[in-house]
1. I'm checking my understanding of the structure. Among residues of the stretch 16-33 that are outside any strand (DSSP E or B) and out of contact with any Leu (no Cβ under 8 Å at 6 or more places or on another chain), which one is modelled with the highest pLDDT?
2. I'd like the full set of residues that are touching a strand residue (DSSP E or B) at 6+ places or on another chain (Cβ under 7 Å) and small (G, A, S), limited to the stretch 275-324.
3. When you scan the stretch 158-198, how many residues do you find that are farther than 25 Å from V360 by Cα, in contact (Cβ under 8 Å) with a residue 24 or more places away in the chain and charged (D, E, K, R)?
4. List the helices (runs of 4 or more DSSP H) inside the stretch 315-427, counting only whole elements, that have at least 1 residues being polar (S, T, N, Q) and under 29 Å from M126 (Cα atoms).
5. Cβ-Cβ below 6 Å, separation at least six or inter-chain, first residue in the stretch 303-318 and more than 16 Å from I281 (Cα to Cα), second among the acidic types (D, E) and outside any strand (DSSP E or B): which pairs?
6. Could you please find all residues in the stretch 76-101 being at pLDDT 65 or above and under 18 Å from the mean Cα position of the chain (by Cα)?
7. Within the stretch 364-410, can you find the residues that are touching a helix residue (DSSP H, G or I) at 6+ places or on another chain (Cβ under 6 Å) and not aliphatic (A, V, I, L, M)?
8. Does M105 fit the bill of being of a type outside the set (S, T, Y), under 23 Å from the mean Cα position of the chain (by Cα) and at pLDDT below 90?
Amino acid sequence: MAAYEWLASENSCVISLRLEGCCIVKALAVVLGSEGDVSPFIVLGRRLAERGHKMMIAGFQEFAARVEADGIDYIAVPGSCEQLMRRLLGDVESVADAVRGVREMLGNPGIFDALEGVMRDVDVVMYNQFGEVARLLSAAAGVPCVRVQVYPSDPCRSYSLVDPRRHDGTWRAPVIHRLSNLMMVWAMAPVMSAWRRRLGLSRRSVPRRVRTIYQFSPSLNPPDPAWGSNVYVTGEWIDNSSASERLDAQVENFLGRGDAPLLVTFGSVVSFRLPQARTWIEEILLERKLRAIIVDPSRPNGERNGIIGVARVPYGAVLPQCRGMICHGSLGATGAGARAGVPCLVIAFGGDQHFHAQTVFRNGAGPDYIDAQRGELTRPVLVSRIEELVSGSYDEAAHGLAYRTADDPGVDAAVDLLLELSLVGGGSSRA
């Protein structure tokens, strides 16, 4: 049975009701990443609170105010999103160089100090790609642990982490998965060993496999049979209230005065290639008289020649009024485009972006993506892809994604799983 079908089963609902009737579950999420990584956990925290439970999020200091504004306790750890992104996607000479940089950052003892002190009475722990310390803390505390990812990191043939255009569906895909995982194990080995010693854990006392939730859409990326029952594909954890969020008055006025624009956004990407890409895109839009909303905090706000610059904009409110999207291929951006039913052109700079870019292309919702890491980001290629994007060729398929993703289980499925694991683990925080 597919993971997302199991999560909607009658049994999981019964478990949730039993838990909500007898105890308060306290969850800790260790989320070291960008704002797009943190946002779904805010939605999860709200949903847990609605059902009478508690949530803490640990992450970089820059997101503390936003999380605490939702009434969720926040634990700040050393480091920053920009520092992490620069080490992953910035001016690194090689993959090994990037891995060493991430190891240096995550090896900061302050991360461990901040997290060890909040483990008391925690019933279930979650962590994202760079929060491996949470796995050790959960083992030491004897509580369940759940890994949460926005891309598939378990070996399979269906999806490749590297160059998915060539490797998806081939024998190379699981080989690349295993090599990538081995590199991460190598990168984190000194850090994990030090933390294990501090907690008095042996290697055998830390489970090799943990429950895993993938936040991408099971409708667009079906679970691979090789993953088995330990992996759950829920779809995104989204708050539909963003669709009714009020837009800036200047943006509202812009949308009402002409043809539907393109939305251009690159999120938290840090890359030496990005400034040139932004310049080329704006030149091409002006040459072809294409209206656009460009999200760029470093760009002056205001409208010029049919292009308006803004620091940020709620995707759920603006995308249904757009004709298409140009983005970096994060789950949040491509997922918002799919739910809005608009075609998308992705420029992938690294990490999980290639996976989400291939998802768009494979499902017919946009042109073939541009792989910035492999030298494909040139002005002529951008001209060609932008012309494809606005040609209308992808409109029908993109529109269909809105219906397909509407049935994804989403955040409620994740809550059910966490509550079930808390029951199995004992549920220590009594009402």
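The values are calculated or read from the model by the stated rules, or taken from the named source; none is laboratory data. Quick caveat: nothing in here was measured; it's all calculated off a predicted structure. Note that each Cβ is placed from the backbone with ideal geometry, even for glycine, and that neighbours are counted across all protein chains shown.
1. To start, the set of residues in the stretch 16-33 that are outside any strand (DSSP E or B) comprises 16-25, 31-33.
Cutting the leftovers down to out of contact with any Leu (no Cβ under 8 Å at 6 or more places or on another chain) gives us 17, 21-24, 31.
Numbers: L17: 37, G21: 47, C22: 50, C23: 73, I24: 79, V31: 92.
Once the filter is applied, the top-ranked residue is V31.
2. A277, A292, G302, G309, G324
3. The qualifying residues number 2.
4. On the way: elements: 315-318, 331-340, 353-362, 379-389, 395-405, 411-425.
By residue number, 331-340, 353-362, 395-405, 411-425.
5. As it stands, the answer is P314/E245; A317/E245, since those pairs meet every condition given.
6. Within the stretch 76-101, S80, C81, E82, Q83, L84, M85, R86 meet the criteria.
7. G364, G366, P367, D368, Y369, R379, T405, P409
8. On the way: of a type outside the set (S, T, Y): yes; under 23 Å from the mean Cα position of the chain (by Cα): yes; at pLDDT below 90: yes.
Against the criterion (of a type outside the set (S, T, Y), under 23 Å from the mean Cα position of the chain (by Cα) and at pLDDT below 90), M105 qualifies.
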